[in-house]
1. Sum up the charges of everything whose Cβ sits under 14 Å from the Cβ of Ser35, counting Lys and Arg as +1 and Asp and Glu as -1, but leave Ser35 out.
2. Take the Cβ-Cβ distance between Met209 and Thr21 as r, set R0 to 22 Å, and report the resulting FRET efficiency rounded to the nearest 0.05.
3. Would you mind counting up the charge near Ala77? Only other residues with Cβ under 13 Å from its Cβ, with Lys and Arg at +1 and Asp and Glu at -1.
4. Say each of Lys63 and Tyr84 gets a label point 7 Å from the Cα, pointing the same way as Cα to Cβ; how far apart are those two points in nm?
5. Can you flag which of Lys79/Lys183; Lys100/Lys170; Lys63/Lys146; Lys19/Lys170 are past 26 Å Cα-Cα?
Amino acid sequence: MVAGLLLTGGKSRRMRKDKATLTLNGVTFVEIVSSAFRNSLVETVFEVGPQFSTFPSVLENEKGSGPLHAVAAGWTAIKNLGLYCPVIVLTCDMPYVNGKLVNYLANFNGGAGINGAGINGAGINGAGINGAGMSKSGTVEVWKDKSVIPVVDSFIQPLCARWSPQDLDKILELVESGEKSMKSAISKDSVFLEENDSWQTFGGKRAFMDVDYLVDYEKLVKPFSELTLSEN
């Protein structure tokens, strides 16, 4: 059993409009991410935000309080259903995410492609990759109760990741203590996934792309020929 959380409640200060309502090829971002969940093995999904999707919606205690609080609100809703399982967390600003990526994260229980190269650059110290469970060759053994967090171009992706129920309980404690940083929830025992050949099954690192700024969105939707001419 794997559940899902779709985060749509950010303030979008940098974009200056709700990212969920942005479109790519006539389809809204929130519809794209919703489809990724529907085309996966995830059975129960909650939206955390103002009901942009057709999934059941909950709100964090304080609107716009950040993704850590949003995840806490979503996890509380999932637990209230009597579920205690891993959760795939996705934000609504990922125009290339798909069901194959969701299934890859949901099903991951060991494989190659983990090393320390990208972790230090992302602000996580070596304790997260040198602990028990990693063989000398860098191959993962079996990870059942650990969060699985991709690393793309040296940046960790906690908002496109599989979170363990144990780490989600930790998030509830962090929120209760007043913490707001998502990185504070990342356990040293998490699995950090570097890019590897298996990523091509869901489109490679492009599937993790998020759109933060208006200029990024304009480049995304601008015809390639027009973009090339304007940048020469």
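Computed from the coordinates by the stated procedures, all read-outs in this text should not be read as laboratory data. As the structure is a computational prediction, the values presented were derived from the model and not from experiment. Every residue, glycine among them, receives a Cβ derived from its backbone with ideal geometry; neighbour counts consider all protein chains shown.
1. On the way: positive: Arg38, Lys100; negative: Glu31, Glu47.
In short, 0.
2. Working: r = 18 Å, r/R0 = 0.82.
Approximately 0.75, to the nearest 0.05.
3. After counting each charged neighbour, the total is -1.
4. 3.5
5. Values: Lys79/Lys183 22 Å; Lys100/Lys170 28 Å; Lys63/Lys146 29 Å; Lys19/Lys170 28 Å.
With Cα atoms farther than 26 Å apart: Lys100/Lys170; Lys63/Lys146; Lys19/Lys170.
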